[in-house]
Amino acid sequence: MVDTNNNKRIDTASRVIRASAQVIYQAMLNPEALALWLPPEGMSGQIDTFDAREGGVYKMTLIYEGDEEIQGKTSENRDVTEGEFLELIPDERIVKTVQFHSEDTRFSGEMIQKWLLEAHSEGTKVTVICEDVPEGIRKEDHDVGLRSTLANLAVFTE
């Protein structure tokens with residue numbers, strides 16, 4: 001999806017998870033839990049900084065696993081992101097900025113990532129919306145990564 005106001009890309013994914021919004025929200029704000037479920041398949045993660053409050057900052061390193069050398073956004077086999085928590089509404093919404101550490105200008109800029117939690121008859125519908133996605137992130141790869149992350153969150157919380 002492209003926002004016609006500024007031609008910035010918006011990627012989104014949703015999944016119904018058989019867990020309460022409270023359980024999911026806590027998994028999103030616990031740095032140890034986040035490092036386990038957020039990395040998409042084929043990656044692992046480590047939390048470098050995490051201050052979960054509005055105005056608080058975070059920094060996370062995602063590491064490509066396996067023997068194959070993959071050029072990450074930051075360095076070989078690594079993507080480093082950092083940002084700020086803009087909005088935290090318990091059991092409903094988390095909004096944060098995401099910036100990639102990269103010398104490649106195709107990954108520059110600030111992406112806004114919104115996590116929305118909505119009551120559903122089977123649990124909680126979790127929707128992630130990424131606004132102003134850097135052009136260096138291929139839509140197909142991002143879609144797969146978002147779905148993988150939501151699947152990980154489901155396994156972690158169900």
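Worth a mention:
- The conditions of being without any contact (Cβ under 8 Å) to a residue 40 or more places away in the chain, surrounded by 15 or more Cβ atoms within 10 Å (Cβ to Cβ) and within 22 Å of A35 (Cβ to Cβ) are met by R93.
- Hey, A13 at pLDDT 95 or above and part of a helix (DSSP H, G or I) or not: no
- Positions within the stretch 134-152 being crowded, with 19+ Cβ neighbours inside 10 Å and at pLDDT 95 or above, in sequence order: L146, T149, L150
- Within the stretch 96-122, residues that are part of a loop (DSSP other than H, G, I, E, B) sit with their Cβ atoms under 8 Å from residues that are loosely packed, with under 13 Cβ neighbours inside 10 Å, at 6+ positions apart or across chains, in these pairs: E122/R18.
- Of all residues in the stretch 46-58, those that are small (G, A, S) and surrounded by 13 or more Cβ atoms within 10 Å (Cβ to Cβ) have Cβ atoms under 6 Å from Cβ atoms of residues that are at pLDDT 95 or above and part of a strand (DSSP E or B), 6 or more apart or on another chain, in G56/F85.
The values are calculated or read from the model by the stated rules, or taken from the named source; none is laboratory data. Every value quoted in this text rests on a predicted model; they were computed, and no experiment measured them. Quick reminder, even Gly has a Cβ in these numbers, built from the backbone with ideal geometry, and neighbours come from all protein chains shown.
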